[in-house]
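The values are calculated or read from the model by the stated rules, or taken from the named source; none is laboratory data. Just so we're clear, the structure is a prediction, and the values are computed from it rather than from any experiment. Here the Cβ is made from the backbone with ideal geometry for all residues, glycine too, and neighbour counts use every protein chain on show.
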Amino acid sequence: MEMTVGQIAALVNGIVEGDSNVKINGYSKIEEGKEGCLTFMANTKYEHFIYETQASAVLVGKDFVAKQPIRTNLIRVDNAYATIAMLLNMVGSMQQNRRGVEDPVYVSDGVNLPEDIYLGAFTYISKGATLGKNVKIYPQCYIGDNVKIGDNVILYPGVKVYHDCCIGNNCILHSGVVIGGDGFGFAPENGEYKKIAQIGNVIIEDNVEIGANTTIDRATMGSTVVKKGVKLDNLIQIAHNVEVGEHTVIAAQAGIAGSAKIGSYNMIGGQCGFAGHINVGDHNSFGAQSGIPKSVGDNNILMGYPAVNQIDFARQVANVKNLSRTNAELSALKKQVKELQEIIESKINNI
Amino acid sequence: MEMTVGQIAALVNGIVEGDSNVKINGYSKIEEGKEGCLTFMANTKYEHFIYETQASAVLVGKDFVAKQPIRTNLIRVDNAYATIAMLLNMVGSMQQNRRGVEDPVYVSDGVNLPEDIYLGAFTYISKGATLGKNVKIYPQCYIGDNVKIGDNVILYPGVKVYHDCCIGNNCILHSGVVIGGDGFGFAPENGEYKKIAQIGNVIIEDNVEIGANTTIDRATMGSTVVKKGVKLDNLIQIAHNVEVGEHTVIAAQAGIAGSAKIGSYNMIGGQCGFAGHINVGDHNSFGAQSGIPKSVGDNNILMGYPAVNQIDFARQVANVKNLSRTNAELSALKKQVKELQEIIESKINNI
Amino acid sequence: MEMTVGQIAALVNGIVEGDSNVKINGYSKIEEGKEGCLTFMANTKYEHFIYETQASAVLVGKDFVAKQPIRTNLIRVDNAYATIAMLLNMVGSMQQNRRGVEDPVYVSDGVNLPEDIYLGAFTYISKGATLGKNVKIYPQCYIGDNVKIGDNVILYPGVKVYHDCCIGNNCILHSGVVIGGDGFGFAPENGEYKKIAQIGNVIIEDNVEIGANTTIDRATMGSTVVKKGVKLDNLIQIAHNVEVGEHTVIAAQAGIAGSAKIGSYNMIGGQCGFAGHINVGDHNSFGAQSGIPKSVGDNNILMGYPAVNQIDFARQVANVKNLSRTNAELSALKKQVKELQEIIESKINNI
């Protein structure tokens, strides 16, 4: 998809500073810019790269004022980050243009395949499943009995959705995602653990993206719910009966134990762990590897295990690092007090 | 599966208090009870819900004494939790009634398919594999050469079992489980790592359940063993030559490094990590995110990294939280001692 | 593959001490040796087993001097560990002898299947993919558009490689590995998160092994790179635009956040987490469960969260354990100082 700098500027409502005829045939980060690439600079932390980049053009804000001469070509836009994201989406969506039903697939009797579907080979659709418009199901996926899939959904190769689960509109599920496996529920009985059947389901609302090999278990009863706009990274565990609130973002390898309720607009770092049955409010931020053993309100920035607010965490880390010095000071003071005591005993008590 | 309260009571040997003719068509947790639902109350922590639930009936213990008027219908049983579990199992097993061999499957020459099998489309059975009675293998599974699968086993869509591994009776493996991948074994040689072939296998004994996307590696030599009654949650890593003892329960995202031996009846929290080559006894409990660097006896409750017993852990956490105050006290004391010293120097030494 | 002790000795350039005619039909660790097994002793920590093993023969170093009588047969070699590894590789490679194209597979028009390929049933090859010599692709794999796969590569059942990614020569990818899923990139916009298309790819260089269910995300722009000789265990997360340097070894469930650059010859323990955008040098070692929030030089041994060098870590752990005693000492000292003060006040001030 080769375009000129001028054509791109026209597309994004930008203003060219430099040569509009230069050809662009790729995209890169500013520190990796090569000839023929378009890049962007949205954060002044990266400003020094703009003076040395080999990229053929750079998207920058309209208010950017160069402090040195610039050799590359600029396209000035209102929001450089949003603009590059839009361009990448355009390229990305051109790569997702599959259509039609491949052979072989297994489609149970009575399932209606919309005309505009992509159904990759070796995919399996169970009875009672319903599929929305403009759905792309890549090869080797499994759709269980009575599963509902909304419009504009993409399931990448190998996604597994167990029976009775629901996927909303505009969702993207990456390879290896498992939706609706049994929750981890067992009752002790005569020295063994007996399985408690998990007869609930999973509901994924609209505009949710789920990363590769993430697992979301079905509820024991009722539903495990991932609300609209949630973004889940890879290898995350969402246990049975959990609720994840709207627009919460969770990084890779985090885990949320059974029946925990996570509010909206939280940002959860990688490898965090949340205890079961707790309530987490809205607009919190959790540092990577945090452990959250109990309920949390709103608007906190928490870190560590057990998680405390980030200022306390930094203080704790510094205090612990300093403990050898603390111990040394304490020893010195003990010695000093002992000496004082000896002075007092030898002199004062003789008065 | 609509039943009346009276029919359910008859099924579970219960006694109705209220209207036996009320119809039940679903199950719920007590805090989410809706009309038509049966729920249960097994823990007095949830007692307040029983006075306000919208559920049409509640399973309770025979010894439960209400402190307020109850509007819903009760079914009194010996053990409310065991009874609801039994009912859910009944419903759950009705959802797992698939039977027959779908098309296409790949079954190697010489493999005998039992008459009562369910073999989902796109599943692959390699040569030498043996399959027990009443086995359900969902679509897109892979069964390697010489794999042995016992009776009443369920493999959900996409399970992969490498060659020579054994799965006992009554096991349930969820989607994305990988049994028998190569152990992580390499020998340094001339500045590179050379693969050590992993020619052992994995043995899963009877009554084991394994959660979605969990991985259990084959032994270098000999066997990685998961003993009877073990329950593994999702995304767990069991490395080569590990042994997990009977009825041990492991929560999601925990990992056990190579050659560790874990005893029986342990309860292991989510995201725990066990070092390689250690021995863990029986009946221990490990808090979530614990790190266990060395061997452990029996009957401990351990937490933290490196894991210590829970009382010490709580004390350590409190002490660390308190360090700023400790430091302040130490500073104040230093100042005080300095003042005393000055008094002594100025007055006493002049005596 | 039954051989005599003498035949094995000839194969490995070893010298027999004992009976060359004894038959070997299996391999074991020295502590698990049984009749008919060959085992090895490469570490004197295990020396006591050599005097009691039931194994029929033991590989030992030429310089090993027995301190007690030995009943088993010895095969003396230059390097017992390297020799057993070589023998296991021989056995292992005999188990990987599949060849030919099974039915059904899905191969897009224009894809050239090399003559010596193994292509398992239900595998899918997209258009533009290129496959090297002696490639084995097990059942149920997915190869995206324009994927390049080098020579002597093994993809175990269910590997998924998204479009435009490259796999070098001699790589082994285990079941459930996902290469090239979208990086986790979103831009906040009007209270929601908008997907940033991920249009880069993943490059896996030569001699890389990747464990089961590990995920490696494609770059936003440019490439996520795993350099030659890297060994990745199971369930690892490698985020978008990460680089992992040559011969770095990473244990299970570790995670590396976006754009982090990890150098060469690092050894990374299980469940470690690396922050995004940091630089890690060469030849470092990271203890299991470490959290690495910022850049690191070369040749460090680090542990804990936030990671510090192992000596400081041990000291911190000891100091924290000791805090109750520290607090008690501080209290005692306060009391002592108070008493001194009282003495001084009562006596001195009256002088």
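What do you reckon, is C:G229 on the phi > 0 side of the Ramachandran plot and assigned to a loop (DSSP other than H, G, I, E, B)? The answer is yes for C:G229.
Is one or more of the residues making up the stretch B:339-349 under 23 Å from A:G273 (Cβ atoms) and either acidic (D, E) or in a loop (DSSP other than H, G, I, E, B) (or both)? No, the conditions are met nowhere in the stretch B:339-349.
Here's the yes/no breakdown for (1) of a type in the set (D, E, K, R); (2) modelled with pLDDT of 95 or more; (3) over 26 Å from the mean Cα position of the chain (by Cα); (4) assigned by TED's automatic domain parsing to the domain that holds B:N152:
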| site | (1), (2), (3), (4) |
| --- | --- |
| B:N43 | no, no, no, no |
| B:H48 | no, no, yes, no |
| B:D63 | yes, no, yes, no |
| B:R76 | yes, yes, yes, no |
| B:N79 | no, no, no, no |
| B:T83 | no, no, no, no |
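Flag set for B:G269, criterion: at the interface with chain A (Cβ under 10 Å from one of its Cβ atoms) and closer than 30 Å to B:G211 by Cα. Only residues that are within 11 Å of another protein chain (Cβ to nearest Cβ) and either part of a loop (DSSP other than H, G, I, E, B) or at pLDDT below 95 (or both) were counted across the stretch C:153-170, and they come to 8. Among residues of the stretch A:305-351 being within 8 Å of another protein chain (Cβ to nearest Cβ) and among the acidic types (D, E), the one that is nearest to B:Q271 (Cα to Cα) is A:D312. Scanning the stretch B:114-151 for residues that are under 16 Å from B:N97 (Cβ atoms), assigned to a loop (DSSP other than H, G, I, E, B) and more than 12 Å from chain A (Cβ to nearest Cβ) gives B:E115, B:D116, B:I117, B:K133, B:N134, B:V135. One residue stands out among those in the stretch A:18-42 that are in a strand (DSSP E or B) and surrounded by 16 or more Cβ atoms within 10 Å (Cβ to Cβ): the one that is nearest to the other protein chains (Cβ to nearest Cβ), which is A:Y27. Entry remark, the stretch C:173-190: residues being more than 7 Å from chain A (Cβ to nearest Cβ), part of a loop (DSSP other than H, G, I, E, B) and either on the phi > 0 side of the Ramachandran plot or crowded, with 23+ Cβ neighbours inside 10 Å (or both) number 5 in total. Are any residues in the stretch C:191-204 facing chain A (nearest Cβ under 8 Å) and either on the phi > 0 side of the Ramachandran plot or not basic (K, R) (or both), and if so, which ones? Result: C:G191, C:E192, C:Y193, C:I196, C:A197, C:Q198, C:I199. Evaluation of A:N207 against the conditions (1) touching an Asp or Glu at 6+ places or on another chain (Cβ under 6 Å); (2) part of a loop (DSSP other than H, G, I, E, B) shows that the sole unmet condition is (1). Every condition in (1) crowded, with 21+ Cβ neighbours inside 10 Å; (2) more than 20 Å from the chain's Cα centre (by Cα); (3) among the aliphatic types (A, V, I, L, M) is met by C:V317 except one, and the failing one is (1).
If you go through the stretch B:71-104 and keep only what is part of a loop (DSSP other than H, G, I, E, B) and either within 10 Å of chain A (Cβ to nearest Cβ) or buried (at least 17 other Cβ atoms within 10 Å of the Cβ) (or both), you end up with B:T72, B:N79, B:Q96, B:R98, B:E102, B:D103, B:P104.
No other residue among A:I204, A:I154 is within 25 Å of the chain's Cα centre (by Cα) and surrounded by fewer than 24 Cβ atoms within 10 Å (Cβ to Cβ) apart from A:I154.
For A:A254, state whether it is away from chain C (no Cβ under 14 Å) and buried (at least 24 other Cβ atoms within 10 Å of the Cβ).
no
Being free of Cβ contacts under 8 Å to residues at least 24 places away in the same chain, surrounded by 19 or more Cβ atoms within 10 Å (Cβ to Cβ), not in a strand (DSSP E or B) and not assigned by TED's automatic domain parsing to the domain that holds A:G26 is a description that does not apply to A:G110. Within the stretch A:306-335, residues that are farther than 22 Å from B:A307 by Cα reach partners that are of a type in the set (S, T, Y) with beta carbons closer than 7 Å, at six or more positions or on different chains, in the pairs A:R315/B:S324; A:N327/C:T326; A:L330/C:T326.
Of all the listed residues (C:E205, C:E192), the sole one being within 30 Å of A:D78 (Cα to Cα) and in the same structural domain as C:A260 (by TED's automatic domain parsing) is C:E192. Look at the stretch C:172-192: where a residue is farther than 15 Å from C:V242 by Cα and a partner is at pLDDT below 95 and among the β-branched types (V, I, T), sitting 6+ places away or on another chain with Cβ atoms under 8 Å, you get C:F186/C:I196; C:A187/C:I196. Looking for something touching a Leu at 6+ places or on another chain (Cβ under 9 Å), buried (at least 23 other Cβ atoms within 10 Å of the Cβ) and farther than 21 Å from B:E192 by Cβ - is there at least one such residue anywhere in the stretch C:272-283? Checked against the condition, which is being touching a Leu at 6+ places or on another chain (Cβ under 9 Å), buried (at least 23 other Cβ atoms within 10 Å of the Cβ) and farther than 21 Å from B:E192 by Cβ, the stretch C:272-283 yields no hits at all.
Reported count of residues in the stretch B:234-287, each being part of a loop (DSSP other than H, G, I, E, B) and aromatic (F, W, Y), is 1. The set of residues in the stretch A:85-108 that are hydrophobic (A, V, I, L, M, F, W, C) and under 30 Å from the mean Cα position of the chain (by Cα) comprises A:A85, A:M86, A:L87, A:L88, A:M90, A:V91, A:M94.
Checking C:K67, C:K45 one by one, the residue that is more than 10 Å from chain B (Cβ to nearest Cβ) and farther than 24 Å from B:K194 by Cβ is C:K67 and no other. Please go through the stretch A:56-70 and pick out each residue that is of a type in the set (A, V, I, L, M) and assigned to a loop (DSSP other than H, G, I, E, B). Within the stretch A:56-70, A:V65, A:A66, A:I70 meet the criteria.
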